[in-house]
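Here is the structure we will look at, set down as structure tokens.
Quick note: the coordinates plus some simple rules give every number you see, no bench work behind them. These numbers come from a predicted model, not from an experiment. Please note: Cβ atoms are built from the backbone with ideal geometry, for glycine as well, and neighbour counts cover all protein chains shown.
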Amino acid sequence: MSDAAHLNAANRHDFVLIFDVTNGNPNGDPDAGNLPRVDPETGLGIVTDVALKRKVRNYVQALKNNEAPYEIYVKQSAILNNQHKRAYDDAGKDPKTAKQDDVLAAKRWMCKTFFDIRTFGAVMSTEVNAGQVRGPVQLTFGRSVDPILGLDASITRVALTKPDPKQAEGDQDVARSGTMGRKAYIPYGLYVAHGFYVPAFAQDTGFSNEDLEVLWQALVNMWDLDRSASRGLTACRGLYVFSHSSPLGNAPAHKLFDLIKLERKEDVAVARSFDDYQPIQVDPSRLPQGVTFTQLVD
């Protein structure tokens, strides 16, 4: 294992993120009444890469007070073209008459200012053109180790926003009846997502060693800033980084990911906690030459 290899932005990294949820909805599907996302063929739960990136953005925004160079580009209610215009205003240029060099300068300003652009990239070639950026960090969907059981609990709302029109005029301050609602959740699910860091794209965005350290910190701690009644108890259960000794890498990512095995204990029929799974162990002797392994969650 290495204490520093995973912080070297000049080399390639592949990582495995493991998280679980208890009595919550990790990622609702708006096309299915906000029920937890599921693969209909296997019954395995799904958490999209977009949902994971949203958590990273929210954590970094809180950690760095949304100040440059760690501002967040994709945030709730943001008008993206207004952000692009800031780049032109800083250079004293008019985006309506921008030349190619002006667009490139705007793109560099955006990368320098916004952490999530440096990390995940962005398409900024809209009405106010600030170019396109392919980010060095990409995430896969999270997928549960075992099939999940999506449940839908009935809930009652007892405090209403307005009285029933049938109530008497002098009885308007008390709700006489509640309303029914639904709350989707799963009893338990253990999810695995995979990620990739490609330094060739980092050269274009200016992603640095410090940015890489912030990314690892966010992936571990972002769950504690994403608390809500619908989320239940969510937690990061593992972050495993395979760091290569070269920018192009020393082994295929899928072979490294195969070293992480998650299996239920033999005497457990249905998992309801992380302790129902075998401990994760990676044999250092099985690592390809030029690859180091770092476990960032105990």
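Couple of notes before you dig in:
- Shown is the FRET efficiency for Asp29 and Ile79, computed with R0 = 25 Å from the Cβ-Cβ distance and rounded to the nearest 0.05: 0.35.
- Cβ-Cβ FRET estimate between Thr140 and Arg86, R0 fixed at 30 Å, reported to 0.05: 0.40
- Stretching Arg264 away from Lys99 to a fully extended chain increases their span by 53.5 nm, per 0.36 nm per residue minus the current alpha-carbon distance.
- Take each peptide in 215-225, 34-44, count the other Cβ atoms within 10 Å of every residue, and average; sorted highest first, the result is 215-225, 34-44.
- Charged neighbours of Asp101, selected by a Cβ distance under 13 Å, balance to +3 (K, R count +1; D, E count -1).
- Extension gain for Val50 to Asp226 (0.36 nm times residue separation, less C-alpha to C-alpha distance): 61.9 nm.
- Simple rule: put +1 on each Lys or Arg Cβ and -1 on each Asp or Glu Cβ in the chain, find the dipole, and look at Ala193, Ala91, Tyr277; the Cα lying farthest toward the positive end is Ala91.
- Label-point separation, Ile155 to Ser245 (7 Å along Cα→Cβ), nm: 5.4 nm
- Overall form of region 1-85 per C-alpha gyration tensor (a/c, 1.5; a/b vs b/c): oblate
- One decimal place: the segment Gln278-Asn209 gains 21.5 nm when fully extended, by the rule 0.36 nm per residue minus the C-alpha distance.
- Once you divide the Cα radius of gyration of the chain by 2.2 N^0.38 Å, the number left is 1.21.
- Take the Cα of Gln295, step 7 Å toward its Cβ, do the same at Asn66, and the gap between the two points is 3.8 nm.
- Computed over the chain with a Gaussian network model linking Cα atoms closer than 10 Å, the most mobile of Asp146, Asp258, Asp102 is Asp258.
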